[in-house]
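None of the figures in this text is laboratory data; all of them are computed from the coordinates on show. Model, not experiment: these values are computed from the prediction. When we count neighbours, we look across all protein chains shown, and the Cβ atoms used for this are built from the backbone with ideal geometry, even at glycine.
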Amino acid sequence: MRTTVELPPALFRRAKARAAARGESLKALLTRAVAAEVGQDRDATARRRVRLPLFGDPTGPQVDLAAADLARALAEEDAARVGRRRRRR
């Protein structure tokens, strides 16, 4: 079915660019977006958000963790693991 939809110019440009980046037509992008919004997207089960389990006390203080903090912690863990391997030999 054909219809006319008016979009703000900035939104139209972003949608057109997203469709091009995905290698699909604007029509395909809009059809998929509308189908997902009204709950008729049959392929949405593969793209639905996953709820990860939470650990710790949800009422407790929040942890402010930056990417650099995580990278440093992982590097320290790797260094400790390498040190343990060297001592075993």
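Per-peptide packing, taken as the mean over residues of other Cβ atoms within 10 Å, places 1-10, 65-74 in the sequence 65-74, 1-10 from highest down. In this simple spin-label model, placing a label point 7 Å from the Cα along the Cα-to-Cβ direction at both ALA10 and LEU52 gives a separation of 3.1 nm.
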